[in-house]
Amino acid sequence: MAGCIRPRGDEIPTSATPYWFTQPVDHFGGNNGTWQQQYLVNATFYRPGGPIYISTPGELAVTTKYVDRMHVTQLARKTNALVVAVEHRFFGQSNPMPDLSGSSLQYLTIENTLEDFASFVRAVKSQPA
């Protein structure tokens, strides 16, 4: 479901549904493999043209709390926004490598992490809801 924030058609996703975004293991060419980054969506208050709020739980697994019960949810209610929580690489279900060995953790860099989120945002912007 790379680059897709919402299912096609009139269906509005529930926040409990995990979605997956395809990312490269290394945005800078050291490993050409890909992995799936988990994200959750709350479209309860979304209206076409409304903003999209994207957050991350940081070094925790993404849960519905991050799209249903945070201050941004109240802001979404007031602004007709879509709320998205994106999991950080190597945390929760979003693991680019099969283990946490030193050779795997070489891909846990601030540069790769920032590019993960930048790639996600670019995909969202290229496919407005």
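The values are calculated or read from the model by the stated rules, or taken from the named source; none is laboratory data. In this text, all values refer to a predicted model and were calculated from it rather than measured experimentally. Glycine gets a Cβ as well: all are built from the backbone with ideal geometry, and neighbour counts include every protein chain shown. Just so you know, the surface numbers come from the protein's heavy atoms only, side chains and all, with ligands and any DNA or RNA stripped out. Shrake-Rupley method; radii C 1.70, N 1.55, O 1.52, S 1.80 Å.
Worth pointing out:
- Straightening the chain between L114 and S101 buys 2.5 nm, computed as 0.36 nm per residue apart minus the Cα-Cα spacing.
- Rounded percent of accessible protein surface that carbon and sulfur make up, the chain, 1.4 Å probe: 55
- Gaussian network model of the chain, springs between alpha carbon atoms under 10 Å - residue of F91, F28, F45 with greatest fluctuation: F28
- Simple label model, 7 Å out from Cα along Cβ direction - K125 to T64, nm: 3.2
- For the chain, the Cβ-based charge dipole about the Cα centre amounts to some 620 debye (Lys, Arg positive; Asp, Glu negative; other atoms uncharged).
- With all protein chains kept in place, the per residue accessible area of region 25-129 amounts to 53 square angstrom at a probe of 1.4 angstrom.
- Most fluctuating residue given options G29, G92, G58, as computed from a GNM of the chain linking Cα atoms under 10 Å: G29
- Top of T44, T109, T64 by mean-square fluctuation, Gaussian network on the chain, Cα under 10 Å: T109
- Full extension of the chain between T79 and T34 gives 12.7 nm of extra length, using 0.36 nm per residue less the Cα-Cα distance.
- Rounded to whole Hz, the Karplus (6.51, -1.76, 1.60) HN-Hα couplings of region 95-100, x for glycine and proline: 10, x, 10, x, 8, 10
- The H on the amide N of L82, modeled in the peptide plane, is under 5 Å from the matching H of I52, Y53, each at least 5 residues off or on a different chain.
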